[in-house]
Amino acid sequence: MTKNNSRRDFLKSTALSAGGLILGFNWFGQEASAATVVEGIANEAGNTAFNAFLSIQTDGIVTIFSPNPEIGQGIKTAFPIIVAEELDADWANVKVVQAPLDTKKFERQVAGGSGSIPHSWQRLRKAGATARQMLVEAAAKRWGVSASECSTEKSFVIHTASGKKLGYGELATEAAKLTPPTDVKLKDKKDFKLIGSTVKGVDNQALLTGKPLFGLDFYREGMKFAMIQRPPAFGMKLKSFDASAAKASASGIEVVSLKDKVAIVGKSTWEVKKARDLVKIEWEKAANLESSDDHNRIFKELLDGKAEVRRKDGDVETAFKDAAKIVEAEYQCPFLPHNPMEPMNFFAHVREDGVELVGPTQTPQNAQNQTAKLLNIPAEKVTVELTKMGGGFGRRLGTDYVLEAAELSSIIKAPVKVMWTREDDMSGGSYRPAVRYRFRAALDKQGNMIGYTLRGAGINAGNSTRQDNFPAGAVSNLLIDSAEHKSPITTGPWRAPITNFLAFAEQSFLDEVATAAGKDAVQFRLELLEKAKTAPTGEIKYNIDRMKAVIELAAEKSGWGKKKKGVSLGFSVYFSHASYVAQVAEVVMKKGKPVLQKIYAAVDCGIVVNQSGARNQVTGGIVDGIGHAMYGNLTFKDGTPDQKNFNAFRLIKMNEIPAIEVSFVNNGIDPTGLGEPALPPTGGSVANAIFKATGKRLRNQPFIEEDQKLFESVS
Amino acid sequence: MANYNLKINGQTLKTEASPDTPLLWVLRDNLGLVGTKYGCGMAQCGACTVHINGEATRSCVLPVSAVADATITTIEGLSEKGDHPVQKAWDAIDVPQCGYCQTGQMMTAAAFLKKNAKPSLEEIEAAMSGNICRCGTYHRIKEAVQLAATKM
């Protein structure tokens, strides 16, 4: 992300016309603390004409604007918590407003990579602390005392000696006349009250009463409805179409082509859907129509062929020549659709004077830029309003569905909401890439891992390895490379890109190596970390102590090493998106089948901002990880996915989840990400426990299809 | 096209739709009741669950013509002030992540608890396992149903 320092001085300061304080902050560059009171604001908070960071009305209501897209990760609650903590605001009087895209005011308005909190942590704290300091100064001035004699609590400034109190609302107008301080003191972390507490989602009330919040809930007078028929197979393109029957099916139906797609426009969702079924379309082959069988063959070719070296330490060849024992295994995963519960959709209104976009996107700035490029207009002519997203899991990082809406609106010259059906969504591509990994490990006589190789073979996966991940640095001789097949089947980032499966493969393989070495799974990993610490090989890009701490915490919580009758334990640990998660899975045998009973998760994401949100992310990530490892499968026949809806694509349900116990490491480190890191280690802990319980090593996902017999009696 | 006077949330709402239109789209496109969600269109996920004469029903495959005389309740009518025990429990437990499926989850839970005021954990799981939550909030849903059961 580029820093935009030229905008350092854009912020101004003033009072609300009705009194009160509106503070804008320099969002660009963590070091810049410039804050100013925003000028020229005529309206009360809630007016979308301003994007100031926070405002305090004379009635004491604190409004905090949350710039990042809310996708279920809880950012709309977490961001304001951080501001309110430093402001010492009474949470009960805090109002949170979703800010629209504004590249002049905010930076990194993105939901992705578990990066929002780490990026914004200091900025948000400074925002709150600056406002707090101004309120204190205003109170001190009024009382004729020194600011240092005052403290704050729950939206009040208190003169400690006399016990005098003034509410933030009463001080806001005076505070607005002060020059914002450039150097503010942040709280000592041990004094945090709101951060680290349990705070409910700020949208709960609206969500639970069915208020319009999501993209699909957006309706506007005169808006048209549209669906798009996309090629039925990856590798096909549009040849011709006949829309006569469709147009006759209801009044107002329009049918237009968008490059290789056909758009059907009408006055209601159902009329459009029915009309779409009546459009006769001829498609033609434009590229290879690949099937899953082709992919299996391609994987073998990639694994045996040439690859791009990603990391090379020591002399792998000699290590394997000298090995007392060699362990080899291959692991494979299928394509996966993201399947957010709210399918893709977007509203666009292309007018003469500009473009209005409204909908669910993880990357509003990309939506703006690419729409501007598509329509050949300046980016500032495109506005993007962010709705809540009914999930995304990476799918809404793409802008394809936004551009479709914009293009269609420009053709039909009308406001339009394009909606994807579930079938459109599941067969529309941008999948988690299918990958196969080949591992080899060389052990010496004492069971030390002296050599390690990993080759990733991916289909549109880019680099399917993460070459600097553990155990890199802990093995003297190591080679990691990758090879890729370019396919017409489109792929994209899927929650915890690459590591969502790589972690399973690595952590299962390490389990295989530990077993071959006759070592305990936890002990084996700790020995490797010790080696990385005392005799590192090459660069080490993970924090050894933090990884060790979560390993030990998970082991402690789960009673690792202590015999539990009839219970088999599986271990896994992973570092991704700057956070560390270790897991222990418990499997018991019931009627001859392995049943996942419990998962213990030990998490180091630094400071926990919101206990409720954080636990929800970890638990949800684990459920996601179990579900896709067990059941998720998207297969292809001649370029067409075999699974198009939830009748054929199995998502995990309530009766299939284990108990989950989450423990956080309290190390006081600035917070790191949490939307993704709990998912990657899940497949490994589960598979390793199933191996312990049954002797069956699961190497391919979904597990249920790798060994149907093993799970046959699973309900 | 046909005219309907639908009994929804204690009111009679007039609308025009072709008889095969699923109730879901009449609610959303015609009547502005968008709390009922589209998820799959084939009664697989439960996001569109409403009450038809008190029974939890998938509205995405239910033609409006079939409910012309029925008593229909949507999330907007589950309670007047958003304070049905199920809604309160969902808030207290802080169930939602993205929240998209939760209205359907609550409609399923509310109809279930009306019939089974003291459900066992297994009964809750059986009743709720037709509703998909892609975010994986199942633990909290389970807890919230248990909590709501104590308040019904």
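For the reader, a short list of remarks on this structure follows.
- The length gained on full extension between A:A324 and A:E221, counted as 0.36 nm times the residue separation minus their Cα-Cα distance, comes to 29.6 nm.
- 22 Å Cα-Cα threshold exceeded, pairs from A:K285/A:K637; B:K114/B:K151; A:K95/A:K141: A:K95/A:K141
- For the peptides B:90-103, A:211-224, A:467-480, the ranking by mean Cβ contacts within 10 Å, running from highest to lowest, is B:90-103, A:467-480, A:211-224.
- For peptide B:31-42, the mean count of partner chain Cβ atoms within 10 Å of a residue's Cβ comes to 6.
- Full extension of the chain between B:D69 and B:S120 yields a length gain of 14.9 nm, computed as 0.36 nm times the residue separation minus the alpha carbon distance.
- Looking at region A:435-711 alone, DSSP beta bridges between its own residues are antiparallel in about 70 percent of cases.
- Shielding by partners, peptide B:86-97 (average Cβ within 10 angstrom, other chains): 5
- Summed residue charge, Cβ within 12 Å of A:D638's Cβ, Lys/Arg positive, Asp/Glu negative: -2
- Shape of region B:85-149, Cα gyration tensor, a/c cut at 1.5: prolate
- Globularity ratio of the protein assembly as shown, using Cα Rg and 2.2 N^0.38 Å: 0.98
- Shape of region A:435-711, Cα gyration tensor, a/c cut at 1.5: rounded
- If both residues of a DSSP beta bridge must be in region A:328-407, then about 50% of such bridges are antiparallel.
- Using C-alpha pairs under 8 Å with a sequence gap of at least 6, the mean separation divided by the residue count of chain A gives a relative contact order of 13 percent.
- Averaged over the residues of A:351-362, the number of partner chain Cβ atoms lying within 10 Å of the residue Cβ comes to 0.
- In this structure, the amide hydrogen of A:K325, modeled 1.01 Å from its nitrogen in the peptide plane, lies closer than 5 angstrom to those of A:L443, counting only residues at least 5 positions away or on a different chain.
- Mean separation of Cα contacts under 8 Å (6+ apart) over length of region A:46-197, as relative contact order %: 27 percent
- Cα-based reach from A:K259 at 16 Å (exclusive), listing aspartates and glutamates while leaving out same-chain residues under 8 positions away: A:D242, A:E282, A:E284, A:D400, A:E404, A:E407
- With a Förster radius of 56 Å applied to the beta-carbon distance between A:A516 and A:K373, the computed FRET efficiency rounds to 0.55.
- Bridges between two residues of the protein assembly as shown, per DSSP, are antiparallel at a rate of about 75%.
- When both region A:240-314 and region A:465-521 are represented by their alpha-carbon centers, they are found 32 Å apart.
- Pairs exceeding 24 Å between alpha-carbon atoms, taken from A:K105/A:K177; A:K388/B:K14; A:K154/A:K200; A:K261/A:K486: A:K388/B:K14.
- Sequence-distant contacts, meaning Cα pairs under 8 Å at least 6 residues apart, place the relative contact order of region B:85-149 at 55 percent.
- Only lysines eight or more places from A:K104 in sequence, or on another chain, were considered; those with a Cα closer than 18 Å are A:K3, A:K12, A:K381.
- Cross-linked pairs B:K37/B:K88; A:K247/A:K413; A:K273/B:K81; A:K593/A:K653; A:K190/A:K533: Cα-Cα separations exceed 24 Å for A:K273/B:K81; A:K190/A:K533.
- Neighbourhood charge, 14 Å Cβ-Cβ cut-off, centred on B:A149 and excluding it, Lys, Arg +1 and Asp, Glu -1: +2
- Alpha-carbon centroids, region A:539-555 and region A:401-450: separation in whole Å: 30 Å
- The ranking of A:K486, A:K692, A:K325 by Cβ neighbour count inside 10 Å, starting from the fewest, reads A:K486, A:K325, A:K692.
The numbers here are math on the coordinates, done by the rules we state, and not lab data. The shown structure was predicted, so the numbers you read here are calculated from the model rather than taken from an experiment. Reconstructed Cβ throughout: ideal geometry from the backbone, glycine too, with neighbour counts over all protein chains shown.
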